[in-house]
Amino acid sequence: MRVRSLGLHTDLALHGWRGRVHDRHDHLVVTHPDVPAFRGGNLLVFERPPEASDLERWCDLFDRAIGVPPAFPYRAFGWDGLDGEEGDLAPFLAAGFAPEPGVVLAAPRLTPPEHPNREVRLLALDDDAGWAAALEVQARASGRVGEGWYRRLLGGVLGANRRVVEAGHGMWWGAFEGDVQVANLGIFRVGELARYEAVVTDPGWQRRGIASTLLHHAAEHARRVWGSELVLLETEPDGPASGVYERVGLRPIEWRLGLGQARRPPA
């Protein structure tokens, strides 16, 4: 299946490194067998938006290709597109699906932060302690520290990202105040593109210019070392970090849409 969206193109590269991507001609089957709870990594991606007659077929394809509860307490669909094309969502919404919009931001080179944080040290994670600290930062930032299943999900996805970094496809950067990690992000090389993943700052250290400093540092490294010509990031429209991304020069280039359906609450 040929893909137009740069956001989807870089997504699929990451999915292929972390898990598996199978081409079924008019759709792709994306799986992360080691992280079944990862809804963003176990989904079907179609070449076009849904039509009214697609509901039964798409649900059947998901159940047969990916799985059913209790292992997979959800269904997730995406499709190629540049402008958030919706197709006919009505049958899916009536069946309990919810739209999941995203925006792809990009820039050939990031704008240096107006007020960079010069107190933090920016280091590439390269040992167990650094990765363990990254998980703690992500758990606190999620606001769901006490939910065991969600922490396992974060750990599974971060572990998969670590394997991709150690295979040479990217880097995971941490920002440290003394010996304490207070923020982290991933950045991956996809041809001439660089793709951010999971930009996270500990809630106790937000609004200090750390995220913008880390974003800029990672982008400059990608440009200088990998020769990256464009850096990309996908996020929710008007999300809490939108202002940070805008201030470093990231601008919308694509709007994406997907569908998710919860079939039972996680255990």
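The values are calculated or read from the model by the stated rules, or taken from the named source; none is laboratory data. Here the structure is a predicted model, which is why all the values come from computation and not from measurement. Reconstructed Cβ throughout: ideal geometry from the backbone, glycine too, with neighbour counts over all protein chains shown.
Scanning for something touching a Ser or Thr at 6+ places or on another chain (Cβ under 9 Å) and not hydrophobic (A, V, I, L, M, F, W, C), does the range 50-60 turn up at least one residue?
Within the range 50-60, none of the residues are touching a Ser or Thr at 6+ places or on another chain (Cβ under 9 Å) and not hydrophobic (A, V, I, L, M, F, W, C).
Closer than 20 Å to Gly41 by Cα and surrounded by 13 or more Cβ atoms within 10 Å (Cβ to Cβ) - does that describe any residue in the range 117-127?
no
Would you confirm, using the coordinates I've provided, whether Ala124 is under 15 Å from Val180 (Cβ atoms) and among the small types (Gly, Ala, Ser)?
no
Based on what the data block shows, is Val21 surrounded by fewer than 19 Cβ atoms within 10 Å (Cβ to Cβ), part of a strand (DSSP E or B) and free of Cβ contacts under 8 Å to residues at least 40 places away in the same chain?
yes
Is it the case, given these coordinates, that Gly96 is closer than 25 Å to Ala13 by Cβ and either loosely packed, with under 15 Cβ neighbours inside 10 Å or not polar (S, T, N, Q) (or both)?
It is false that Gly96 is closer than 25 Å to Ala13 by Cβ and either loosely packed, with under 15 Cβ neighbours inside 10 Å or not polar (S, T, N, Q) (or both).
Name the pairs whose Cβ atoms lie under 8 Å apart, with the first residue in the range 55-74 and more than 19 Å from Leu93 (Cβ to Cβ), the second assigned to a helix (DSSP H, G or I) and at pLDDT below 95, and 6 or more positions between them or separate chains?
none
Hey, does the range 46-62 have a residue that's within 17 Å of the chain's Cα centre (by Cα) and under 27 Å from Pro252 (Cβ atoms)?
There is no residue in the range 46-62 that is within 17 Å of the chain's Cα centre (by Cα) and under 27 Å from Pro252 (Cβ atoms).
For Glu234, state whether it is in the same structural domain as Val137 (by TED's automatic domain parsing), under 30 Å from Cys59 (Cα atoms) and touching a strand residue (DSSP E or B) at 6+ places or on another chain (Cβ under 6 Å).
Answer is no for this residue.
Quick test for you: out of Leu89, Leu110, pick the one residue that is within 29 Å of Pro252 (Cα to Cα), of a type in the set (A, V, I, L, M, F, W, C) and assigned by TED's automatic domain parsing to the domain that holds Glu56.
Just a single option satisfies the conditions, and that option is Leu89.
So Val164 clears everything in (1) crowded, with 23+ Cβ neighbours inside 10 Å; (2) in a helix (DSSP H, G or I) except one condition, right? Which one?
(1)
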